[in-house]
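The values are calculated or read from the model by the stated rules, or taken from the named source; none is laboratory data. This structure is a prediction, so every number in the text was calculated from the model and none was measured. No Cβ is skipped: glycine too gets one built from the backbone with ideal geometry, and neighbour counts run over all protein chains shown. Surface accessibility is based on the protein's heavy atoms, side chains included, excluding ligands, DNA and RNA. Shrake-Rupley method; radii C 1.70, N 1.55, O 1.52, S 1.80 Å.
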Amino acid sequence: MKISLNWLRDYVAVDAPIDELTRAITFLGFEVENVASTGAPQLEHVVVGEILTRAKHPNADKLSVCTVDVGPAGGVKTIVCGANNCDAGNRVLVALPGAVLPGNFQIKQSKIRGQESQGMMCSPDEIGMGSDHSGLLILDGKPALGLPMNAALPPGDTVFDIEITPNRPDCQSHLGIARELAAWFKLPLVYPQEKFRGTLPEGTPERRELLAGVRVDAPEDCPLYTAHVITGVKIGPSPAWMQERLKAVGLRPINNVVDVGNYVMLETGQPLHAFDAKKLGGSQIVVRRAADGEKITTLDAKERTLNSRMLVIADAQRPVVVAGIMGGENSGVAADTADLVLECAIFKRQSIRWTSRKLALSSDSSYRYERGVDPHSALEAAYRAIDLILETAGGRVVGPVYHVGGDVPWQREIVVTHDYITEKLGFDVPADEMRAAFDSLELTVTREEETEAPARGPAWTVSIPSWRDDLDRPIDLVEEVLRLHGTEKIPATVVQSPGLLADDDPIVAFNRRATDYLVGHDFHECVTYTLRPAREVATWISQAAAAELALANPFVEDQSHLRPTLITGLLESLKLNQSRGVAASRLFETGRIFVEHNGQILECASVAFIMAEPVGERSWLKREAADFYAVKHHVDALAAAAGIEVGRQPVSTIADVASWQTGQSAVVGDVGHGWFARFGLLNLAMLKSLGIEGRVQGGVFAILPEKLTPEGARRRFAEFSLFPAALRDLALVVDRATPASDVQKALAKAARTAAGNAFAVERVSVFDVYEGAGLPEGKKSLAFNLVFRSAERTLTDDEVNAAFQKLQEELVQGSGWQIRK
C-alpha cells in the first residue's frame with residue numbers, strides 16, 4: 001500500500017528525515033518495500049518562459065522556430081522546438097545554455113538544421129517528472145518570467161510503499177499509519193474534523209422518489225448497510241490538492257465525487273460507493289445473493305457471470321454492484337449526475353475474498369474488505385465523505401437516511417500486569433513506559449491496580465478499540481509494548497534452547513525408520529502441503545467426511561481442507577516430474593493426515609509411497625513393473641516400523657471407489673483400532689483425469705500416535721534347525737471369491753493340529769493359482785507348498801505322510817473345499 005508523506009502530515013506533524021521514518025515504520029512491524037520521491041529534481045538554469053511567436057522552420061517540416069521571453073534570466077531567446085503545443089502565449093519551462101538535465105544531458109547554444117537555438121523548452125520527462133514526452137509541460141497560473149523551475153512547480157512528495165501484514169487491517173489507511181507513527185514519535189494524532197454528524201436539520205425534505213427503500217436479504221454477508229441521499233451536486237474536477245494526493249499514491253483522478261470516495265477510503269480504510277440516484281431502478285437498493293447465471297457489466301467494461309454464492313447490491317430490477325469489489329457500468333456517477341446515494345457498508349471478508357478469486361477481479365475496496373474493515377468506524381467515514389462532497393461538489397443532504405444492521409456493541413478488555421509483561425519480554429521495562437505505550441496507541445487503561453507482593457508493579461485493565469481486532473490476549477499487549485520500546489533495545493543474553501531428543505518422540509522415530517527403509521529401496525522423498533482442495537479430498541473420502549475436514553476460513557480456495565491422505569500430494573509431484581521429463585517415479589512422504597471417525601477428526605502419523613511405470617524409458621532390457629505384491633511387501637515393512645504385523649490381519653479388497661482400482665487394491669486394519677493400511681493399483685480413470693501417464697501402484701500406512709512403539713516391531717532371534725525339511729504340495733479347489741490368505745491360514749492351522757508336538761510346520765505358501773478348463777464354473781485352484789521340520793531329528797516319510805493325510809481329511813470336512821488330484 002502506498003502512503004504519501006504530505007498526506008500523513010495532516011494527522012501527525014512528523015518532520016524526521018526519510019531514513020528515520022523508514023526505520024520507524026520497519027520497527028513498528030511493517031516492511032517498507034520502496035521509497036519514491038515525486039516532483040521535480042533540483043535543476044539549475046531551468047526557468048519559466050513565455051512563447052511570444054511561433055514560425056515554421058525553413059529547413060524542417062516538423063520543427064518550429066519560437067521566440068521565448070525568459071525575463072530577467074536572459075531576455076528573449078530564439079529556440080527551435082519539435083513539440084506540437086509550442087503555441088504563442090503558453091508559459092513553459094526553458095533550459096538555458098549551461099543547464100544539465102537528468103541523464104547528464106547538457107544544454108548548449110547550437111544550430112539545428114541551420115537555425116540558431118539558444119536553449120530548449122522542456123517536456124515532463126526531460127526534467128525528470130514522469131515519462132510523458134508527447135509535448136511541452138504547460139504551466140498553469142502564469143508564474144513569473146525567469147522564475148526558477150523548482151520555485152514554479154508544486155513541491156514534491158515522498159511515497160512509502162508498505163507491505164501491511166494480514167493481521168493489521170487497521171493500517172490499510174493513512175490514518176492507521178499516522179496513528180502508529182504518532183505513537184512511535186510521541187506526537188499527538190489529529191483526526192479530521194467532521195461537520196456532518198448524521199442528524200438532519202429540522203425541516204429537511206424527504207426525497208423518497210430518489211431512494212424509496214433499502215433491504216438487506218443476506219445479513220450474514222452484510223452486517224451493516226448505510227445510505228445517505230445528497231441532492232443538487234455538480235460534477236466536475238476535484239480540487240488540485242486532492243488530485244495531487246491521489247496521483248501520488250497511484251490513483252487517477254476522475255471527478256469530485258468519485259475522487260472523494262477514493263480519498264476517504266485511503267484516509268480511513270473504509271470503502272464507499274456513490275450511485276447516481278436516477279439510475280437506481282424502482283428507487284430501491286437490495287443487498288442480496290446473485291442468481292446463478294446472472295450477469296453484470298462492471299466498470300472495467302467486462303461482463304461477469306455471477307452465481308448464488310456471490311453478494312451483489314441490486315436495484316429493483318438488476319444487480320448494479322458486485323458487493324465490496326466493483327460497481328456496475330451503468331450505475332455510477334456521470335457528468336450529468338445531480339442526485340447521489342452514498343453507500344457505506346460492511347461485508348463479510350470471506351464472501352468478498354471468495355467472489356474476488358472466483359471472478360479474478362480485485363480492487364482497492366476488495367483488498368480492504370478481504371482483510372477486515374472496522375464496522376464501528378464506518379459511519380465516521382460516511383460523514384467524512386459527505387463533508388468533502390458538499391465542499392467539492394456542493395449539494396445538500398436530504399432524507400431519508402437508511403441504517404440497516406450494525407447494532408452489536410463493541411467491548412473488549414484485557415487484564416495484564418507489569419510482571420507478566422516483564423516475564424514474557426525477558427527484561428524489565430518501567431511501568432510508566434508500558435502505560436505510555438498503551439495510551440499512545442489509544443489502548444485506554446480503564447483501571448490500574450497495585451498487585452500484591454511478591455509481585456512488582458501494577459495490573460492494568462486495557463480497553464481495546466474496535467479497529468484493533470487483532471488484540472485479544474495479554475500476550476498481544478506484550479508485543480505492543482515491545483514494538484514501541486524498540487526491538488533493537490532487547491539486551492544481549494545467552495540463548496538457552498533445551499531440545500527434545502528425537503529418539504524420545506515415537507513419531508520422529510517412526511518417520512526416521514520409514515524414511516531409512518524407503519530411501520534404501522530407491523524412493524525419493526517429497527514434502528507437500530497439508531491443506532488440499534475440496535474436490536481432491538472428496539475423491540478419497542465421502543462428501544460428509546470431507547465436510548468435517550473443511551477449514552472454517554481458508555485463505556486460498558485450493559487449500560481449503562485438511563488432507564486425509566499423503567497420496568494426493570505425491571501424485572501432484574509425479575505429474576510435474578512426468579511433464580518435465582524427470583525420471584523420478586518412486587516417491588514417498590511422511591507426515592500427518594486427518595481422518596474422520598464417528599464425527600471426530602483424528603490426527604494420524606502416516607507414510608505413503610507410489611511406484612509409477614517409467615514413461616518414455618528406452619532400454620535394451622525391459623524391467624518388470626511393480627505389482628500388487630511388491631507394494632504389499634513395502635507396506636508390511638513400514639507397518640513393522642510402527643510395531644504392527646500386517647501379515648496377521650485380515651485383508652479386504654477395495655471396490656467401487658474413485659481412488660483405488662477395484663479388484664487390484666486392498667485395505668487392512670481400521671482407524672477405530674488405531675491403524676490402517678491401503679495398497680495396490682490406483683484408479684486408472686482418476687490417474688487419466690489428473691493427466692498422469694501409465695499405471696501407478698501406491699501404498700499408505702497410518703497410525704494414531706499413541707499406538708506407536710519407540711522401537712517398532714522387535715525381531716527376536718529364533719534358533720534354526722540343522723535337520724532337513726520335509727516338503728509336501730497340496731492343491732485345493734475353492735470358490736473364486738475366496739481370498740487365498742483365508743485358505744492359507746486354515747491350511748496352516750490344520751497342519752499344526754495334524755503334526756501335534758511331534759514336529760513343526762515351518763511354512764505354508766501359495767505357489768500356483770489356476771482357473772479355467774477342468775474346473776467347475778466359479779471355482780479356482782490354489783496350490784500350496786508345506787514345509788515340515790523338526791529341531792531335534794530327521795523326519796521319516798511315514799510320520800510326515802500320516803500327518804499330511806490327517807490334515808487333508810480335517811481340512812475338507814465342513815469347508816466345502818476339494819482336494820485337486
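I'd like to check something: does segment 159-174 contain any residue that is open to solvent by 50 Å² or more (accessible area, probe 1.4 Å) and among the small types (Gly, Ala, Ser)? No, every residue in segment 159-174 fails to be open to solvent by 50 Å² or more (accessible area, probe 1.4 Å) and among the small types (Gly, Ala, Ser).
Among the residues of segment 90-106, are any in a helix (DSSP H, G or I), aliphatic (A, V, I, L, M) and either closer than 27 Å to HIS57 by Cα or under 48 Å from the mean Cα position of the chain (by Cα) (or both)?
There is no residue in segment 90-106 that is in a helix (DSSP H, G or I), aliphatic (A, V, I, L, M) and either closer than 27 Å to HIS57 by Cα or under 48 Å from the mean Cα position of the chain (by Cα) (or both).
Residues in segment 21-64 that are charged (D, E, K, R) and surrounded by 12 or more Cβ atoms within 10 Å (Cβ to Cβ) were compared, and the one that is farthest from ILE127 (Cα to Cα) is ARG23.
Scanning segment 17-54 for residues that are of a type in the set (Ser, Thr, Tyr), part of a strand (DSSP E or B) and out of contact with any Gly (no Cβ under 9 Å at 6 or more places or on another chain) yields a total of 1.
Restricting to segment 378-429, and then to whatever is in a strand (DSSP E or B), in contact with a Leu (Cβ under 9 Å, 6 or more places away or on another chain) and hydrophobic (A, V, I, L, M, F, W, C), can you tell me which residue is surrounded by the most Cβ atoms within 10 Å (Cβ to Cβ)?
Step one: of segment 378-429, the residues in a strand (DSSP E or B) are 396-405, 413-417.
The next check asks that each one be in contact with a Leu (Cβ under 9 Å, 6 or more places away or on another chain); those that pass are 396-405, 414, 416.
Then drop every residue that is not hydrophobic (A, V, I, L, M, F, W, C), which leaves 397-398, 401, 404, 414, 416.
Numbers: VAL397: 20, VAL398: 20, VAL401: 17, VAL404: 18, ILE414: 17, VAL416: 24.
It comes out as VAL416.
Answer yes or no as to whether VAL657 is modelled with pLDDT under 90, open to solvent by 40 Å² or more (accessible area, probe 1.4 Å), closer than 20 Å to LEU687 by Cβ and not acidic (Asp, Glu). Yes.
Going by what's in this entry, would GLY135 be described as surrounded by fewer than 20 Cβ atoms within 10 Å (Cβ to Cβ) and either touching a residue at least 24 places away in the same chain (Cβ under 8 Å) or in contact with a Lys or Arg (Cβ under 8 Å, 6 or more places away or on another chain) (or both)?
Numbers: surrounded by fewer than 20 Cβ atoms within 10 Å (Cβ to Cβ): yes; either touching a residue at least 24 places away in the same chain (Cβ under 8 Å) or in contact with a Lys or Arg (Cβ under 8 Å, 6 or more places away or on another chain) (or both): yes.
It is true that GLY135 is surrounded by fewer than 20 Cβ atoms within 10 Å (Cβ to Cβ) and either touching a residue at least 24 places away in the same chain (Cβ under 8 Å) or in contact with a Lys or Arg (Cβ under 8 Å, 6 or more places away or on another chain) (or both).
Among the residues of segment 472-491, those that are more than 25 Å from HIS376 (Cα to Cα), open to solvent by 40 Å² or more (accessible area, probe 1.4 Å) and of a type in the set (D, E, K, R) comprise GLU488, LYS489.
Would you mind finding the one in ALA144, ALA183, ALA152, ALA178 that is out of contact with any strand residue (DSSP E or B) (no Cβ under 6 Å at 6 or more places or on another chain) and either surrounded by fewer than 20 Cβ atoms within 10 Å (Cβ to Cβ) or β-branched (Val, Ile, Thr) (or both)? So that I can check it myself, show each step before the final result.
Working: ALA183 fails: either surrounded by fewer than 20 Cβ atoms within 10 Å (Cβ to Cβ) or β-branched (Val, Ile, Thr) (or both); ALA152 fails: out of contact with any strand residue (DSSP E or B) (no Cβ under 6 Å at 6 or more places or on another chain); ALA178 fails: either surrounded by fewer than 20 Cβ atoms within 10 Å (Cβ to Cβ) or β-branched (Val, Ile, Thr) (or both).
Answer to the check: ALA144.
Just to be sure I understand, how many residues within segment 250-263 are open to solvent by 20 Å² or more (accessible area, probe 1.4 Å) and either part of a loop (DSSP other than H, G, I, E, B) or farther than 15 Å from LEU388 by Cα (or both)? Selection size over segment 250-263: 5.
With respect to the conditions (1) part of a helix (DSSP H, G or I); (2) in contact with a strand residue (DSSP E or B) (Cβ under 6 Å, 6 or more places away or on another chain), CYS344 falls short on a single one, namely (1).
Right, ASP125: more than 33 Å from the chain's Cα centre (by Cα) and part of a helix (DSSP H, G or I) or not? So ASP125 fits the description; yes.
For segment 449-471, enumerate the residues that are surrounded by 12 or more Cβ atoms within 10 Å (Cβ to Cβ) and either part of a loop (DSSP other than H, G, I, E, B) or basic (Lys, Arg) (or both). Correct list: THR451, ALA455, ARG456, GLY457, ILE464, PRO465, SER466, TRP467, ARG468, ASP469, ASP470, LEU471.
If you go through segment 217-242, how many residues are under 33 Å from the mean Cα position of the chain (by Cα) and surrounded by fewer than 20 Cβ atoms within 10 Å (Cβ to Cβ)? First the steps, then the outcome.
Just the residues of segment 217-242 that are under 33 Å from the mean Cα position of the chain (by Cα), to begin with: 217-227.
Going one step further and asking which of them are surrounded by fewer than 20 Cβ atoms within 10 Å (Cβ to Cβ), we end up with 217-220, 223.
Summing the residues that are under 33 Å from the mean Cα position of the chain (by Cα) and surrounded by fewer than 20 Cβ atoms within 10 Å (Cβ to Cβ) in segment 217-242 gives 5.
Among the residues of segment 552-592, those identified as under 14 Å from PHE609 (Cβ atoms) and not polar (S, T, N, Q) are LEU566, ILE567, GLY569, LEU570, LEU571, LEU574, ALA584, ARG586, LEU587, PHE588, GLU589, GLY591.
Quick one: is ALA212 open to solvent by 10 Å² or more (accessible area, probe 1.4 Å) and among the aliphatic types (A, V, I, L, M)? Spell out the reasoning first.
Numbers: open to solvent by 10 Å² or more (accessible area, probe 1.4 Å): yes; among the aliphatic types (A, V, I, L, M): yes.
When the stated conditions are applied, ALA212 passes them.
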